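The values are calculated or read from the model by the stated rules, or taken from the named source; none is laboratory data. No experiment lies behind these values; they were computed from the predicted model shown. Reconstructed Cβ throughout: ideal geometry from the backbone, glycine too, with neighbour counts over all protein chains shown. Calculation scope for accessible area: heavy atoms of the full protein, side chains included, ligands and nucleic acids excluded. Shrake-Rupley method; radii C 1.70, N 1.55, O 1.52, S 1.80 Å.
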Amino acid sequence: MSARPLKHVVSISGGKDSTATLLVALELHGHDEVQAVFADTGNEHEATYEYALDYLPRALGIKVDVVRASFDDEFATKRANLARIAAGEPESAVYGKREFMYDWTPEAAARALEILKPTGNPFLDLCMVRGGFPSRKRQFCTEYLKRNPLTEYALDCVDKGYFVESWQGVRADESEARRWLQSYEARGGHYAVYRPILRWNVADVFEAHIAAGIRPNPLYRENMSRVGCMPCINARKVEIREISRRFPEHIERIAEWERLVSTVCRPRSPVSFFHMGTQAHRGQDSTIYSVVEWSKTTRGGRQYDLLADAEPASACSSAYGLCE
Ligand code: SF4
């Protein structure tokens, strides 16, 4: 047993599973040893911010720390590269002799430089420096926006002298990848992972809320089956339809992000929030507005194949339990 003081770090997303996990942690260890932390992607619904950063702290008498990824270094590197291209250097001199499907032109690089600055919104900044949105195949959002900042937070606690137990709100019945997880993993380096609700079902999770007198995120009453990003890149057709009906302002925000990201991408690169499987390179065909139109179709509507790319999603729906 470690001689270090224990710190139970619970990453909360505003969703039901991470909230239930926090409730268990507080019940078992009390307020002094438990620390809740929220990774702000910048792509959350305002109800989730209110729930995780205002309601839960007030209702439970806790403090929630917030972590946000920053991409300032990546912006600086990308800006330096584009400045060289805008000044007329050949792309091969900047990026090496790699083959790209679409090439930068000096004019496009100069246009991109006008826009390419950190906005302070982690999700948008990540997409701007990566030159596109994450997809099921390249689900880099969880890694950069949640896993990395939360890992840094935990390592910081270790550096401060704690033994950190990272509590994850993961349930085995959610996906194949989660079925074989262990409930406790000692990782070495004064760090361990604990998954206290691994064998729970959804009813158990809501029961824990009731027992503690804590209401779930109100988005569940708005027909949202999960309350991660608004929207999540993995949103199902029915969720996209509901989001567009209930929260059209979030669709408009994503449309503006598509416009901004396309300005800082290689010319003619297709940029869309939802990657439509084999349709991914149809450019304008899969912008958020066209996807919303598709989401309203029933059989016989124009069919995109949302799941054509559907390899097992890499992080969110697998082991980490960082997104619902
Ligand atoms: S997988 Fe979805 S919920 Fe998770 S970070 Fe990406 S967009 Fe957000």
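Tell me yes or no: at least one residue of region 143-151 is over 20 Å from ALA83 (Cα atoms), away from the ligand (no atom under 13 Å from the Cβ) and part of a helix (DSSP H, G or I). It would help to see each step written out before you state the result.
At the first step, the residues of region 143-151 found to be over 20 Å from ALA83 (Cα atoms) are 143-151.
Checking which are away from the ligand (no atom under 13 Å from the Cβ) leaves us with 151.
From the residues that got through so far, the ones that are part of a helix (DSSP H, G or I) too are 151.
Yes, that holds for at least one residue.
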Practice problem: Could you please find all residues in region 28-82 being surrounded by fewer than 16 Cβ atoms within 10 Å (Cβ to Cβ), among the aliphatic types (A, V, I, L, M) and closer than 25 Å to THR263 by Cα? | Solution: ALA76, ALA80
Exercise. Test GLU33 against the criterion of being outside the structural domain of GLU252 (by TED's automatic domain parsing) and either among the polar types (S, T, N, Q) or closer than 27 Å to CYS141 by Cα (or both), and give yes or no.
Key: no
Quiz item: Looking at region 1-20, which of its residues are more than 11 Å from GLU165 (Cα to Cα) and either open to solvent by 30 Å² or more (accessible area, probe 1.4 Å) or more than 19 Å from the chain's Cα centre (by Cα) (or both)?
Solution: MET1, SER2, ALA3, ARG4, ALA20
Exercise. Examine region 46-60 for a residue that is over 20 Å from TYR162 (Cα atoms) and touching a Cys at 6+ places or on another chain (Cβ under 7 Å), and state whether such a residue exists.
Key: no
Exercise. Answer yes or no: is there a residue in region 193-200 that is open to solvent by 70 Å² or more (accessible area, probe 1.4 Å) and closer than 30 Å to SER286 by Cβ.
Key: no
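Looking at this structure, is SER318 within 16 Å of the ligand (Cβ to nearest atom), in contact with a helix residue (DSSP H, G or I) (Cβ under 8 Å, 6 or more places away or on another chain) and either at pLDDT below 50 or open to solvent by 20 Å² or more (accessible area, probe 1.4 Å) (or both)? If you could, list the steps in order and put the result at the bottom.
On the way: within 16 Å of the ligand (Cβ to nearest atom): yes; in contact with a helix residue (DSSP H, G or I) (Cβ under 8 Å, 6 or more places away or on another chain): yes; either at pLDDT below 50 or open to solvent by 20 Å² or more (accessible area, probe 1.4 Å) (or both): yes.
Yes: the conditions hold for SER318.
Do we find that ARG226 is in contact (Cβ under 8 Å) with a residue 24 or more places away in the chain, buried (at least 17 other Cβ atoms within 10 Å of the Cβ), more than 16 Å from the ligand (Cβ to nearest atom) and not assigned by TED's automatic domain parsing to the domain that holds GLY169 in this structure?
Working: in contact (Cβ under 8 Å) with a residue 24 or more places away in the chain: yes; buried (at least 17 other Cβ atoms within 10 Å of the Cβ): yes; more than 16 Å from the ligand (Cβ to nearest atom): no; not assigned by TED's automatic domain parsing to the domain that holds GLY169: yes.
Considered against the rule, which asks whether it is in contact (Cβ under 8 Å) with a residue 24 or more places away in the chain, buried (at least 17 other Cβ atoms within 10 Å of the Cβ), more than 16 Å from the ligand (Cβ to nearest atom) and not assigned by TED's automatic domain parsing to the domain that holds GLY169, ARG226 comes out as no.
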Quiz item: Is there any pair with a first residue in region 111-136 that is under 18 Å from PRO149 (Cβ atoms) and part of a loop (DSSP other than H, G, I, E, B) and a second that is aromatic (Phe, Trp, Tyr) and within 16 Å of the ligand (Cβ to nearest atom) whose Cβ atoms are under 7 Å apart and which are 6 or more apart or on different chains, and what are they?
Solution: PRO118/PHE71; PRO134/PHE140
